[in-house]
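Encoded as structure tokens, the structure appears first; notes follow it.
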């Protein structure tokens, strides 16, 4: 029996050695390979895990990467496409592209022609510090989980009309994607995401676009510390839920600073919208959202909400120098304070006799005269007339004349401290 047992142990030991030897080690023999020509041939000859270091110069696309590789361009290696399809198509996990200049994709939105296209197999890809220019779509993350797109300069085709261009970065069904510190210009949307989750968009700068960031059907994600300058809309949050929208800037975006459409359970905190925008925030059919410590200034309308967007919480926000602070058409009374703390309104004239930082009188940002002006803009010429002044006096003394609307029962006497400097730039 002992002999048989020893023989069995020897057999099992031999099997274990063979099995271990057959397991693929994590790129144990990875090499650094210098490349100066025919990059696609070098990719095909490389072993998984190799690093290809490109000499300065121009290399032909369209490239297809089917194994885990690192390709380093050091900022002076240019990959030029054939004006058809994508310039670089990644179909393998753990790929890394860094320091490349990527240009010359096709112009077909149907085939999603991109500077860099990450296929579903490209999990864990790292796309960093590249210049991606004059492509239809800059970088497309198509189903590749846990991809990182960091520190790239992306500019679209200026010879196309805005609606003919692709997006700077496009994401579809790519859980765990991190899009950080990219500079994006001249596309349709800066970052467009649909049907995804657990994404982080952080520290990106976007200008000369339709939307800076455009969310569709994306949940449990974060939009933090981004900058939008001079776009049509800064941040469009649509058909999405359970998001954090925090510390973002919208400056001189033309139509909307932040737009919510069918958005629920979104925490909107410490954002700044300023500078000539038509509507700082527009809310359409969006509920159970939380707005705190946002600075909304110098817009035609501070907040416009409609289509039943009434179950939202607003506290400690600052409405400064907007032509109309709030536009709300409805018959319900909505309270915009929480736990005895409301918002700051630059047009409120009030006293604080007990010096607790809260005004002694309530604030109603949309009264009957506001409604008349919304429906009949030419009536603005009569704002200083005796008839309008009598109407305002009557409303202040006879609350029954109010048609319903927003009420701030605890308006603040000063802008919350962390918003006073407006330092986002």
task: May I ask for the distance between the Cα centers of segment 111-181 and segment 244-320, given as a whole number of Å?
output: 28 Å
task: Give the peptides 87-98, 349-360, 35-46, 67-78 in descending order of average Cβ contacts within 10 Å, highest first.
output: 87-98, 67-78, 35-46, 349-360
query: For the pair residue 311 and residue 220, how long in nm is the line joining their label points, each one 7 Å along Cα→Cβ?
result: 2.2 nm
task: Any chance you could check the Cα centroid distance between segment 189-221 and segment 66-99 for me, in angstrom?
output: 23 Å
query: Hey, can you rank 295-306, 107-118, 135-146 by average C-beta count inside 10 Å, highest first?
result: 135-146, 295-306, 107-118
- request: State the extension gain, in nm to one decimal, for the chain segment bounded by residue 146 and residue 414, taking 0.36 nm per residue of separation less the distance between their alpha-carbons.
  value: 92.2 nm
- request: Measure off 7 Å from each Cα along the Cα-to-Cβ vector at residue 255 and residue 164, then give the distance between these two points in nanometres to one decimal.
  value: 2.0 nm
query: Once the Cβ-Cβ distance between residue 323 and residue 108 is put in as r, and R0 is 51 Å, what FRET efficiency do you end up with, to the nearest 0.05?
result: 0.70
task: Quick one: compute the contact order of segment 27-419, relative version, from alpha carbon pairs under 8 angstrom and 6+ residues apart, as a percent.
output: 7 percent
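FYI, it's all coordinate maths here, none of it is from the lab. Please read all numbers here as calculations on a predicted model, not as lab measurements. With ideal geometry, Cβ positions are generated from the backbone for all residues, glycine too; neighbour counts draw on all protein chains shown.
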